[in-house]
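For reference, the structure is listed below as structure tokens.
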Amino acid sequence: MNTLTIDQKIYNGAEMYAKKHNVSVKQLVEDYLVSIIMMDKSAPVNKDYSYEEIIDETMLLDCFDYAHKEYLDGKCKSHSQVISEIKQEKGWK
């Protein structure tokens, strides 16, 4: 397992959001990253795999850089909004 350094303000916000939604920060980040990755795939999300099988370190760092830039630009969306948009775009229910 690799460790990432995240801006403390972003982490605090993620921690509050995770507590509010009864999930861990780890699960919040993993679910968000998988949702981003799955935007480029035509198959439905399959949770029967290891996250390490589909996410390489470079992609993970790029995702965090993108998320941090979006945060700084004030363009953040809630996790549920992202999931809803992905489902709508893919035609999933």
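Below are the figures for this structure:
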| item | result |
| --- | --- |
| Cut-off under 5 Å, modelled amide H: who pairs with ILE6 long-range | none |
| Among the listed pairs LYS19/LYS87; LYS20/LYS90; LYS9/LYS69; LYS20/LYS93, those beyond 18 Å (Cα-Cα) | LYS19/LYS87; LYS20/LYS90; LYS20/LYS93 |
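The numbers here are math on the coordinates, done by the rules we state, and not lab data. Predicted, not measured: the structure shown is a model, and the values here were computed from it.
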